[in-house]
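Participant: Before I ask anything, let me first share the structure, which is written out below as structure tokens.
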Amino acid sequence: MVVTKQKVFRFTFTHLFVTLMSVMFLVTVVLTFKLLTDDHCNCPRQETVIQYVAKPKHYVNKGYESNHKLAVLVPYRNRFEELMEFAPYIHDFLNDQKINHDIFILNQVDSYRFNRASLINVGYLETRSNYDYIAMHDVDLLPLNKNLSYTYPSQPFHLAAPNLHPRYHYNKFIGGILLINREHFGLVNGLSNKYWGWGLEDDEFYVRLKDANLNITRPENISTGMNDTFRHIHGKDRKRDTVKCFNQREVTRRRDRQTGLHDVKYKIISYKSITIGSAPLTVVNIHLICDRNVTPWCSCSEDKTEKKKAE
Ligand code: UDP
Ligand code: MN
């Protein structure tokens, strides 16, 4: 029998083709079987695989740096653009530090002048059963330096220190961003409720902390300075309400030993959960109640109205 070259080629080709088809068939059968059985099993191997998947920035893992829980309390009214930047930024910043936190926007919805201190008192009262410490946090101040630590403070920790804040540089300044634990805030009866309009409520709080022999601590070994540690998003159109009416000036210059956490009057209008970018927030709509016998300056314009009414 004569075996031609052509026949050898045909034989090899057919042989190869059949082998290939068989391999493909086998692979398909094995894969199909695996897929079908995987659907029904709770394979631990799958969990291992998930751990290797890159986590999105907003992913909050359970590996917090401590067991303490932080409530970020943001006194707020009509600063929407600032809030849009603040919320996702601070959420990522705190997640990077593995801080177990929730953010509360304390939205003042009554028509009195803004009262930053009373809003923080309300925020504290509403959250204290679930949180170990608070950050009194301006909405327009973003921490830029990663070494600014938001961990649990054993003593009040003034993050926006005078040597780091872009605008306020006096020694007793404790505004902007202050961390304080639940016990200490309760101990000093929170903040005074007498400060309607802009300013001085933080200076009065400084005296409360000092009188209680608390040690105000501040960030150390920060290599950035006044211009690059924080970003202060404060546009020129954001006028500060510095008006003083009635006897506001005299009263608010003095230490307040009467008002605070125990007598802040308010109504919660609603709680709303919202998400800005990656940041989940709770908006607390707060109607503050002003006792005009104690602080008539909660509305300067009503001065005339009251007089007119009386005439
Ligand atoms: N704030 C607000 N709406 C106002 C006034 C003040 O939301 O109408 C809040 C906001 O969180 C702001 C903080 O109070 O960051 C401090 O006020 P502001 O920025 O006017 O004071 P500054 O520290 O710049 O002097
Ligand atoms: Mn500001």
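The values are calculated or read from the model by the stated rules, or taken from the named source; none is laboratory data. The structure displayed is predicted, hence computed values, not measured ones. Neighbour counts run over all protein chains shown; Cβ positions are idealised from the backbone, glycine included.
Participant: At pLDDT below 95 and over 22 Å from residue 119 (Cα atoms): is that true of residue 306 in this structure?
Facilitator: Criteria met by residue 306.
Participant: Does residue 154 qualify as being without any contact (Cβ under 8 Å) to a residue 12 or more places away in the chain, of a type in the set (Gly, Ala, Ser) and closer than 29 Å to residue 96 by Cα?
Facilitator: no
Participant: Have a look at 114, 104, 93 and point out the one that is hydrophobic (A, V, I, L, M, F, W, C), within 16 Å of ligand 2 (Cβ to nearest atom), in contact with a strand residue (DSSP E or B) (Cβ under 7 Å, 6 or more places away or on another chain) and modelled with pLDDT of 95 or more.
Facilitator: Matching residue, one of 114, 104, 93: 114.
Participant: Only one of (1) over 25 Å from the mean Cα position of the chain (by Cα); (2) more than 16 Å from ligand 1 (Cβ to nearest atom) fails for residue 242. Which number is that?
Facilitator: Of everything listed in (1) over 25 Å from the mean Cα position of the chain (by Cα); (2) more than 16 Å from ligand 1 (Cβ to nearest atom), residue 242 misses just condition (2).
Participant: Give the range 260-295 a look and list any residue that's hydrophobic (A, V, I, L, M, F, W, C) and part of a strand (DSSP E or B), or say none.
Facilitator: Within the range 260-295, 268, 269, 274, 276, 279, 281, 283, 284, 286, 288 qualify.
Participant: Here is a list of conditions, (1) surrounded by 15 or more Cβ atoms within 10 Å (Cβ to Cβ); (2) closer than 22 Å to residue 142 by Cα; (3) touching a strand residue (DSSP E or B) at 6+ places or on another chain (Cβ under 7 Å), and residue 234 meets all of them except one; can you say which number that is?
Facilitator: Answer for residue 234: the failing condition is (3).
Participant: Further question: Please list, ordered by first then second residue, the pairs with beta carbon atoms under 7 Å, 6 or more apart or interchain, first in the range 72-83 and on the phi > 0 side of the Ramachandran plot and crowded, with 20+ Cβ neighbours inside 10 Å, second of a type outside the set (Asp, Glu) and in a helix (DSSP H, G or I).
Facilitator: Hits for this filter: zero, empty list.
Participant: Next up: Picking from 142, 148, which residue would you name as being within 15 Å of the chain's Cα centre (by Cα) and away from ligand 2 (no atom under 15 Å from the Cβ)?
Facilitator: Step by step, each of 142, 148 is checked, and only 148 is within 15 Å of the chain's Cα centre (by Cα) and away from ligand 2 (no atom under 15 Å from the Cβ).
Participant: A further question on this structure: I'd like the full set of residues that are in contact with a Leu (Cβ under 9 Å, 6 or more places away or on another chain) and either within 17 Å of residue 99 (Cα to Cα) or more than 13 Å from ligand 1 (Cβ to nearest atom) (or both), limited to the range 157-180.
Facilitator: If the condition is that a residue be in contact with a Leu (Cβ under 9 Å, 6 or more places away or on another chain) and either within 17 Å of residue 99 (Cα to Cα) or more than 13 Å from ligand 1 (Cβ to nearest atom) (or both), then 157, 158, 159, 164, 177, 178, 179, 180 are the ones that fit.
Participant: Just the residues that are in contact with a helix residue (DSSP H, G or I) (Cβ under 7 Å, 6 or more places away or on another chain) and either hydroxyl-bearing (Ser, Thr, Tyr) or farther than 24 Å from residue 290 by Cβ (or both), please, taken from the range 177-234.
Facilitator: Correct list: 192, 195, 212, 214, 216, 233.
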